[in-house]
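Contents: one structure, followed by commentary.
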Amino acid sequence: MTFELVPADGGTLLRLTEAGFREIGWEAVQLEAHYRSHCAGWDRHLPNLAAYAAGLVRS
């Protein structure tokens with residue numbers, strides 16, 4: 001899991017990369033289920049992170 005913060009248009013872009021699924025050694029069906037689960041999780045949690053970050057006070 002890599003989180004990269006990049007300046008963009010007067011703000012900050014969060015670039016999230018999750019890799020290594022194939023290296024786990026699971027069968028394709030297990031890998032696909034794990035991958036889809038993570039995609040759904042990030043779809044659910046990332047908006048919360050954006051809302052939290054928007055509420056932070058800049059120093």
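Quick look at the values:
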| item | result |
| --- | --- |
| Residues of the stretch 1-36 classified as surrounded by 10 or more Cβ atoms within 10 Å (Cβ to Cβ), of a type in the set (D, E, K, R) and in a strand (DSSP E or B), total | 1 |
| Residue check, Ala53 out of contact with any Ser or Thr (no Cβ under 7 Å at 6 or more places or on another chain) and surrounded by 10 or more Cβ atoms within 10 Å (Cβ to Cβ) | yes |
| Inter-residue pairs, beta-carbon under 8 Å, first touching a residue at least 12 places away in the same chain (Cβ under 8 Å) and among the basic types (Lys, Arg) and in the stretch 1-18, second outside any strand (DSSP E or B) and exposed (fewer than 10 other Cβ atoms within 10 Å of the Cβ), 6+ apart | none |
| Selection status of Arg44, surrounded by 10 or more Cβ atoms within 10 Å (Cβ to Cβ), in a helix (DSSP H, G or I) and of a type in the set (D, E, K, R) | no |
| Yes/no for Ser37 being at pLDDT 85 or above and among the small types (Gly, Ala, Ser) | yes |
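The values are calculated or read from the model by the stated rules, or taken from the named source; none is laboratory data. Please read all numbers here as calculations on a predicted model, not as lab measurements. Backbone-built Cβ (ideal geometry, glycine too); neighbour counts: all protein chains shown.
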